[in-house]
Amino acid sequence: MESDYTARPREAPRAPPSRPTPGFGAFIHTIGGALAAPFSGIFRTTSTTPGALFVWAEVLAVAVYAIAAMVVAKVVSMGVDQRARRSA
């Protein structure tokens, strides 16, 4: 007897879709929507399979915020190094 995965090798097992519920999940969903809002409408949303969407604007948002986080971390690191040199 074949398992589900070997019978359909092109389909990976998927998690159920995220549904914002009261509490922490709703908070994260709200913050994520606010952070992705500036990028909405830049690219079209792609429908990968029936009921599943791939939002290119959110991929762009993740990339932009990751670069911004690296820049902020580098600036903070440079400030800490300067302060350490002065006190030494």
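Let's see how each residue does on (1) assigned to a helix (DSSP H, G or I); (2) touching a residue at least 60 places away in the same chain (Cβ under 8 Å); (3) more than 14 Å from the chain's Cα centre (by Cα):
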residue: Leu35; (1), (2), (3): yes, no, no
residue: Thr46; (1), (2), (3): no, no, yes
residue: Val59; (1), (2), (3): yes, no, no
residue: Val64; (1), (2), (3): yes, no, no
residue: Met70; (1), (2), (3): yes, no, yes
residue: Ser77; (1), (2), (3): yes, no, yes
residue: Val80; (1), (2), (3): yes, no, yes
residue: Arg85; (1), (2), (3): yes, no, yes
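For segment 48-57, name all the residues that are at negative phi and not in a helix (DSSP H, G or I).
Passing the criteria: Thr48, Thr49, Pro50, Ala52, Leu53, Phe54, Val55.
When you scan segment 5-21, do you find a residue that is touching a helix residue (DSSP H, G or I) at 6+ places or on another chain (Cβ under 6 Å), at pLDDT below 75 and of a type outside the set (Lys, Arg), even just one?
yes
The values are calculated or read from the model by the stated rules, or taken from the named source; none is laboratory data. Everything numeric in this text was worked out from a predicted model, so none of it was measured. Reconstructed Cβ throughout: ideal geometry from the backbone, glycine too, with neighbour counts over all protein chains shown.
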